[in-house]
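Below: one structure, written as structure tokens.
The values are calculated or read from the model by the stated rules, or taken from the named source; none is laboratory data. Source: prediction; values computed, not measured. Note that we place each Cβ from the backbone using ideal geometry, even for glycine, and neighbour counts take in every protein chain shown. Accessible surface areas use protein heavy atoms only, side chains included; no ligands, DNA or RNA. Shrake-Rupley method; radii C 1.70, N 1.55, O 1.52, S 1.80 Å.
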Amino acid sequence: MTEWITWLILGYFILLNGSYLALNLLSVFALHRNNQEKLLDALPQAFTGLEPGISLLVPAYNEEATITASVRSMFQLTYSDFEVVVINDGSRDNTLEVLKREFSLLPFPEAPREGLATKPVRGIYRSMTHPNLRVIDKENGGKADSLNAGINAAHHPLFCGVDADSILSRDSLQRVAKPFLTHPDTVATGGTVRVANGCEVIDGFLTKVGLPTNIWALFQVVEYLRAFLFGRLGWSRLNAMLIISGAFGLFRTEVVIAVGGYRANTIGEDMELVVRMHRMLRQQGKPYRIEFVPEPVCWTEAPEDRKTLKNQRVRWQRGLSESLTSNWGLMFSRNGGTPGWLAFPFMILFEWLGPLVELGGYLFMLYAYAFGLVSWQAFSVFLFMAIGLGILLSVSGLLLEEISFRMYPKFRQLAVLALVVVLENFGYRQLNSWWRLIGLYRWAAQREAKWGEMKRKGVGQPQTPR
Amino acid sequence: MGLTALLVLVIVSLRLSLRRSAQRETAFIAVWRPVLLEVVSDGTPRIPDALHGRDLLYFLKLWNYLQESLRGPAGDRLNALARQLHCDEAVRTLLRKGDRAERLLALLTLGHLREASAWDELAQQATGTDSLASLHAARALIKIDPLRGTELLLPLILRRRDWDVAQIANFLGEANQAFWLHLSKNILTIDTQHWPRALQLADALHLQLPFPSMQYILTHAPSVDTLVAALHMASGPTLLPAARGFLHHPDWRVRVESARFLGQFGDAEDLAPLQSLLQDAQWWVRYRAAQALADMPFYGTQKLSQLRSQATEAPVRDMLDHVLAEHGAGAAPEGV
């Protein structure tokens, strides 16, 4: 029995790390090709008017301190045709008043549109100074509800959900819209999100990339590299990407409306929408593409204390659970293709149930070794699989960054990242699995979903250069 | 562990080689940028004796950047400099033997140089499977000879969906007369499934197709996409009878374009049909119909206000309020 369980655990870790290495390999090819095209990206770009218009949807809840800088930075984005739609989700602070004052908003009698069901809209405002800014004031209903209200009001064929505190690159829209021009059946694209902690931000734009000094944030820098550079990029090559970050994603408006918009009663509304789009479009047999753009287009502030980080990871795991269990129909379905036959089972096995097997594996092996139930050779093999391959994967994430974007140019930064890559495998990853296990338990126990407070230092706060 | 150590070594060596390359490029730019800028501004720079082979790519990157930013005689002067430095021969070699990045650079350069002797190689590249390389080969061909290039490439431009349509419109902008000539001549003989893209490009380049062709397309459109594209670019009252026929088309996108057209070119006869569209189930159709009415010179916002006061249905009233407010002719209701 012990031997059987040992082999099961070892097999699981081999399969887990092997799958990630395979994704890594796919990403190497994609990034290599992407690298070859970089010289064209550096050339001056001209717009022709054939670029599809984009509605930037910015849900805002109690954002009075940051909303002005966020909206102003969005006006600086380089794209031919876009509008900014801020959705004030029943803020209890002065978010709406600040917007009214800063952007000379006036009430506008916008004709109501049939569309997705949302909490009542109290009013729509247009800016007298910025013709491409509108503000929707609605009753509080959460982020998904706000995005649905924004989709109902969107004027353009594409919409981009942006967190109010996201820091965008100036050319972010241009980059994520590109797949819509080269592949007309593209329905959604996502870009790489990076950790903004430690970076210099002036007037809502990132002016200097740096590393945080906080260890929790440093761990997340490496995590984000891994998750985006070989997780999503690898799946994107197979047209099986199941997650587009809620911090920045571009969607075809009519397709999202057709699948019912964001689900308001879920925590991971961003992932749930993408999985549902796969499921429904596959069911309908429609050709479609969901693509990932590897260039860093969005920077977000990562939690810097254990409690906030734990809350975030618990929420993410709950969101993952909800997204997967409400779209079972995709798994092994007749038209499921790579999302249904590969990505969905992968998510179930390694991301959803992963914490259970991983932590169970650690506990079992420690117990079995301590009581002499397994040999030291078997225990060493386990450690190699769990920790050694973990380090290898993290290093390969760093390699992908090095062959592609090299956002951290100093040798010292590289050395710090290399150290973190090793360190995170001794405690942080296991802790993360524990938090995810809590998330899994809370989902299973149907505990009430609470967002918890996200403590922010405000890296995106406007700063005036001295 | 060995593999991990190997990866770390690769990362460090990559970083070192990149640093060396960046330093070299910086030193190159410090010498050559002033030279190129002086060439651009019609000065007489002291040109370094030769361009070292390993600096060729740095030079081409800088040179292409300037070419992409400039128009007119400055581009010709840059071409003369490139030929003086034998870049024309070097890029032909890059095109044949270089890696993908070098080939892309070569394609760009040959286009700017208008290197007619590379025509056959470029034509071959334009039919390749690499989307980006083939698109840039097509661009180079059109730069070299707009008339011959558009004639050769028209079928590919319309057929290849992997070519970024915005980029095509961008480079056709330099050859829009040639494109117009070939498109006008061939629009009715090309496969009708390519009509939407052809019309989309013509619209982006502000080209007008002959009236008989437009009328034929409108009456024989095989798809909604074709109708939408045709109505979107149609102009002039001669197409009015055809456009009127689509006001009640089952697809709302066609109704939207039809209403927009009538707003620009319609006459008194179109008032009643447009007013009826204010009750359309689709928001965008109601919006375009209200806008069309507001835009008609003999109707305008004053009559639209009267229509608003007589309207009994909420969607119609709401839409008229919306459009009147956009035209600055309506006061926003209290509390909205």
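Worth a mention:
- Restricting segment A:175-206 to residues that are assigned to a helix (DSSP H, G or I) and more than 25 Å from A:ALA302 (Cα to Cα), the residue that is most open to solvent (accessible area, probe 1.4 Å) is A:LYS178.
- Hits in segment B:198-211 (condition: surrounded by 16 or more Cβ atoms within 10 Å (Cβ to Cβ), in a helix (DSSP H, G or I) and either modelled with pLDDT of 95 or more or of a type outside the set (D, E, K, R) (or both)): B:ALA198, B:LEU199, B:GLN200, B:LEU201, B:ALA202, B:ALA204
- Failed item, numbered, when A:PHE82 is tested on (1) of a type in the set (Phe, Trp, Tyr); (2) modelled with pLDDT under 90; (3) touching a Gly at 6+ places or on another chain (Cβ under 9 Å): (2)
- Given (1) surrounded by fewer than 18 Cβ atoms within 10 Å (Cβ to Cβ); (2) more than 14 Å from every other protein chain (Cβ to nearest Cβ); (3) more than 21 Å from A:VAL395 (Cα to Cα), index of the condition A:VAL86 fails: (1)
- First in segment A:264-281 and of a type in the set (D, E, K, R), second anywhere and at pLDDT below 90, Cβ under 6 Å, 6 or more apart: A:ASP270/A:GLY246; A:GLU272/A:THR266
- Conditions (1) touching a Gly at 6+ places or on another chain (Cβ under 6 Å); (2) open to solvent by 30 Å² or more (accessible area, probe 1.4 Å); (3) at pLDDT 90 or above; (4) not aromatic (Phe, Trp, Tyr); number of the one not met by B:LEU324: (2)
Per-residue answers, yes or no, for (1) over 20 Å from A:ALA264 (Cα atoms); (2) in contact with an Asp or Glu (Cβ under 9 Å, 6 or more places away or on another chain); (3) in contact (Cβ under 8 Å) with a residue 24 or more places away in the chain:
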site: A:GLY123; (1), (2), (3): yes, yes, no
site: A:HIS130; (1), (2), (3): yes, no, yes
site: A:LEU147; (1), (2), (3): no, yes, yes
site: A:ILE151; (1), (2), (3): no, no, yes
site: A:HIS156; (1), (2), (3): yes, yes, yes
site: A:PHE159; (1), (2), (3): no, no, yes
site: A:SER169; (1), (2), (3): yes, yes, yes
site: A:SER172; (1), (2), (3): yes, yes, yes
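- Test: residue in segment A:233-240 that is under 30 Å from A:LEU393 (Cβ atoms), under 19 Å from the mean Cα position of the chain (by Cα) and hydroxyl-bearing (Ser, Thr, Tyr): yes
- Candidates in segment B:153-172 are the residues that are part of a helix (DSSP H, G or I) and open to solvent by 40 Å² or more (accessible area, probe 1.4 Å); of these, the one that is nearest to the other protein chains (Cβ to nearest Cβ) is B:ASN170.
- Residue that is least open to solvent (accessible area, probe 1.4 Å) [pool: residues in segment A:112-143 that are within 10 Å of chain B (Cβ to nearest Cβ) and touching a Pro at 6+ places or on another chain (Cβ under 7 Å)]: A:GLY123
- Number of positions in segment A:406-422 that are assigned to a helix (DSSP H, G or I) and in contact (Cβ under 8 Å) with a residue 40 or more places away in the chain: 5
- Restricting the first member to segment B:81-97 and to residues that are in contact (Cβ under 8 Å) with a residue 40 or more places away in the chain, and the second to residues that are not basic (Lys, Arg), the beta-carbon pairs closer than 9 Å and six or more apart or on different chains are B:LEU81/B:VAL35; B:LEU81/B:LEU36; B:LEU81/B:VAL39; B:LEU81/B:PRO45; B:LEU81/B:ILE47; B:LEU81/B:TRP63; B:LEU81/B:CYS87.
- Taking helices (runs of 4 or more DSSP H) as the structural unit, those lying wholly within segment B:212-296 and holding at least 2 residues that are open to solvent by less than 30 Å² (accessible area, probe 1.4 Å), within 30 Å of B:LEU188 (Cα to Cα) and of a type outside the set (A, V, I, L, M) correspond to B:252-265.
- Segment B:303-325 residues that are within 12 Å of chain A (Cβ to nearest Cβ), paired with ones that are small (Gly, Ala, Ser) and assigned to a helix (DSSP H, G or I) (beta carbon under 6 Å, 6 or more apart): B:MET319/B:ALA290; B:LEU320/B:ALA290; B:VAL323/B:ALA290; B:VAL323/B:ALA294
- All told, A:LEU21 meets the bar of being within 13 Å of chain B (Cβ to nearest Cβ), outside any loop (DSSP other than H, G, I, E, B) and open to solvent by 30 Å² or more (accessible area, probe 1.4 Å).
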